[in-house]
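The values are calculated or read from the model by the stated rules, or taken from the named source; none is laboratory data. Every value quoted in this text rests on a predicted model; they were computed, and no experiment measured them. Quick reminder, even Gly has a Cβ in these numbers, built from the backbone with ideal geometry, and neighbours come from all protein chains shown.
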Amino acid sequence: MMSFKTTTLLAATAVTLTAFSMPSMAADKVYRLKMAETWASNFPIFGEAPRNMAKMAEEMSGGRLKITIDSSNKHKAPLGIFDMVRSGQYDMGHSASYYWKGKVPNTLYFTTMPFGMITPEQYGWFYHGGGMELMEKVYQPFGLMSFPGGNTGNQMGGWFQKEINSLDDLQGLKMRIPGFAGEVLAKLGAKPTNIASGELYTALERNTIDALEWVGPSLDLRMGFHKIAPYYYTGWHEPATELQFLVNKRSFDRLPEDLQRILTTSMKLASYEMYVQSYHESGTNWVTMKSEYPNVQVKTFPKDVLAAMKKANQELLEEKAAADPLAKEILDSQAEYLKTARVWTNISDRAYLDSLETISE
């Protein structure tokens, strides 16, 4: 069910699209698209984003654009979305770009980066700092289009069976952690792996892995990780995790121009709504966790461990940039944008929160 915010956004956007789409509204042809998602059926927040998008697209198009969604329960390939959309088996997908780093390494940089941009900064980069254009460079050769698909905000650093007191505690640590952060931990001696969401609890419970990161209170509490891992660490690795709408370019080009516009607008609005929902759920679930599960120990990684992570991260960035001109272009773009955006973040949000701290003491 769509929230009040989504409904309000839909109404406002429909007004702006009316003049554009009205000439085609008389057409009675219905365009049908199939979408595959990484998530299981009824998966909260992540699974709601594509459904919100499909509902908005159908309503704004007057029923001319209908999108059906297959969950991983049906297509049986939660981490196979890239190939299924590329081949045309599905017209669209909802997943996360960094899952495809083994196929196309440069897809890695469009989800989030350790020690990188927070969500408002990253959205600024996507839509006003050249991020969308760089993402097109990466996906276009594969006949694909990629769009932001919803942000979790800053993620927690994960659930651990044992406390991390030094770099020695990372040696041989089997941890579910995808993306660039997995490469950082591997450089420090850990053994990262990627596991689909439906298998995470069992893997941790059976000690197939020693630790895992998923999202944060918005989703972790529902997954029950607090029942089997006592240590919950604050984040460093995913400060702005952006999911992804993946679109087959041929399928997109077959749509009339007004439906293309409605589809892209629906994706953008659904992404915003997911970010708002994630932030809300994390806040409320954090209160629940602290009151109902007081034995969960919230930790921050020791300074020397964080420093080693940041050093390893920088070394890996330099290696990636040296090995691939497009990777260098993406990473340079992110770094340059962050220089400007972070100055404003510090003088606005950080200064405001610091000011409140001084008067609450």
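Before moving on, here are some points about what is shown:
- For HIS75, the conditions (1) farther than 27 Å from TYR279 by Cα; (2) touching a residue at least 60 places away in the same chain (Cβ under 8 Å); (3) touching a strand residue (DSSP E or B) at 6+ places or on another chain (Cβ under 6 Å) are fulfilled apart from (2).
- Scanning segment 232-240 turns up no residue that is in a helix (DSSP H, G or I), among the hydrophobic types (A, V, I, L, M, F, W, C), out of contact with any Pro (no Cβ under 7 Å at 6 or more places or on another chain) and touching a residue at least 60 places away in the same chain (Cβ under 8 Å).
- Qualifying residue in segment 100-108 (condition: touching a helix residue (DSSP H, G or I) at 6+ places or on another chain (Cβ under 9 Å), at pLDDT 95 or above and under 21 Å from PHE43 (Cβ atoms)): yes
- THR107 under 13 Å from the mean Cα position of the chain (by Cα), assigned by TED's automatic domain parsing to the domain that holds ALA49, assigned to a helix (DSSP H, G or I) and not aliphatic (A, V, I, L, M): yes
- Some residue of segment 151-172 being β-branched (Val, Ile, Thr), under 20 Å from the mean Cα position of the chain (by Cα) and surrounded by 24 or more Cβ atoms within 10 Å (Cβ to Cβ): yes
- For segment 60-82, a residue qualifies if it is in a loop (DSSP other than H, G, I, E, B) and polar (S, T, N, Q), and the qualifying residues are SER61, SER71.
- Filtered residues of segment 83-97 (kept if surrounded by 24 or more Cβ atoms within 10 Å (Cβ to Cβ) and in a helix (DSSP H, G or I)): VAL85, SER97
- Screening PHE115 on (1) assigned by TED's automatic domain parsing to the domain that holds LEU317; (2) at positive phi shows it passes everything except condition (1).
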